[in-house]
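The values are calculated or read from the model by the stated rules, or taken from the named source; none is laboratory data. Because the structure is a prediction, the values reported are computed rather than measured. Just so you know, the surface numbers come from the protein's heavy atoms only, side chains and all, with ligands and any DNA or RNA stripped out. Shrake-Rupley method; radii C 1.70, N 1.55, O 1.52, S 1.80 Å.
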Amino acid sequence: MTEQSPLPADLPRLRVIATYLQLELERVHRHIAEGEQREREAARQAAAHPVPAPAWTMQMNVSADPRPVAVHHGQCTVGQPRIRPITRRAAIEALTAGVEACALCRPDRELQID
């Protein structure tokens, strides 16, 4: 049992198909180049406008059930990488609920919580 080719047998039509495929491949390469240019531009814009550090962060423990360990000022590096950004209100609520304040950055002082 021989398998029939979907391509024509004559040379002129094969050349037309080859030319068409070549043009389509060039079009695909142009689209790829445009997409890569958009990605480079987006990366450049992201680098020009870095995401600001959060004002407050919550350090979480490393167990399967993460619980708050301490509240930090956003620029404090203690507790990384187990931190997540939180709002000022969440920081105040956590500190008043008994979550510890970082002994280094002392967010309780800035938030005026005793």
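Miscellaneous remarks
- In the context of the full set of protein chains, residues of the chain present 81 Å² of accessible surface per residue (probe radius 1.4 Å, heavy atoms only).
- Compactness of the chain as Cα Rg over 2.2 N^0.38 Å, two decimals: 2.23
- Cα long-axis angle, helix 11-48 against the chain (0 to 90 degrees, to the nearest 10): 20 degrees
- Taking the accessible area of the stretch 22-87, probe 1.4 Å, and keeping the other protein chains in place, the carbon and sulfur fraction comes to 59%.
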